[in-house]
1. Can you give me the number of residues within region 56-77 that are within 17 Å of the chain's Cα centre (by Cα) and at negative phi?
2. Given the conditions (1) among the aliphatic types (A, V, I, L, M); (2) at pLDDT 90 or above; (3) within 18 Å of the chain's Cα centre (by Cα), which single one is not true for Leu89?
3. Among what's in region 94-147 and is exposed (fewer than 15 other Cβ atoms within 10 Å of the Cβ), under 24 Å from the mean Cα position of the chain (by Cα) and among the polar types (S, T, N, Q), pick the residue that is modelled with the highest pLDDT.
4. I need the full set of residues from region 162-189 which are without any contact (Cβ under 8 Å) to a residue 40 or more places away in the chain and exposed (fewer than 14 other Cβ atoms within 10 Å of the Cβ), in order please.
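The values are calculated or read from the model by the stated rules, or taken from the named source; none is laboratory data. Keep in mind that this is a model prediction, so the values were computed, not measured. Methodologically, a virtual Cβ is constructed for each residue, glycine included, from the backbone with ideal geometry; neighbour enumeration extends over all protein chains shown.
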Amino acid sequence: MKLSAALLLFIASGAGVLLAQPPQNGNLPAGPAGASGGPGPGRGRGGRGASPIEIVGDAKAGEAYFNGAGKCSTCHSPTGDLKGIATRLTGVALEGRMVLPRGSGGYPSLGAAPAKPDLPLKVVVKMPSGPALSGSVVSLDDFHVTFKDSTGALQTITRNGDVPSVTITDPAQAHLDLLPKLTDKIMHDLTAYLVTLK
């Protein structure tokens, strides 16, 4: 999988600072927090209080991609789940959340915005007899599946090979499928569009 230069720099910076230019001689420039590049006092990983960055994309092109080729509007709406998103996240955090919706907590080998706990894996458990059970995965291994059902109750089901049938779906799968297709331009254009959603 080829990641864009901007994404690699975003991940490499560790501070959530998207660099407009590639580093010289492989060295990351000092960010607003000083030579360490880490978040300074009052600065998070792109949320409130983070240092501002220049938005370099084309918002109209981002909106066209959102509603067209990117198929973002299949799951997201500027008047629904994304309403006011730009008041809650800065451009860097928006870009990080777009690329890695679970944040680094969901993909521990990559750096990104803090984990988004409201994107749990979904599970459907089909017992040999009786109705299927479903919910949000809490724990899953070869021997048990524990999930929170629609009432909020925890259920643990013992697994024996393929019995019962367990189907896992990831609500963030569309974002993962989009990763190899994202270019710097697409990411910048989408970010420029998302920052207009105040």
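1. Residues of region 56-77 that are within 17 Å of the chain's Cα centre (by Cα), as a first pass: 66, 70-77.
Among the residues that remain, those that are also at negative phi are: 66, 70, 72-77.
Selection size over region 56-77: 8.
2. For Leu89, the failing item is (2).
3. Selected residue: Ser139.
4. Of everything in region 162-189, those that are without any contact (Cβ under 8 Å) to a residue 40 or more places away in the chain and exposed (fewer than 14 other Cβ atoms within 10 Å of the Cβ) turn out to be Asp162, Val163, Gln173, Asp177, Lys181.
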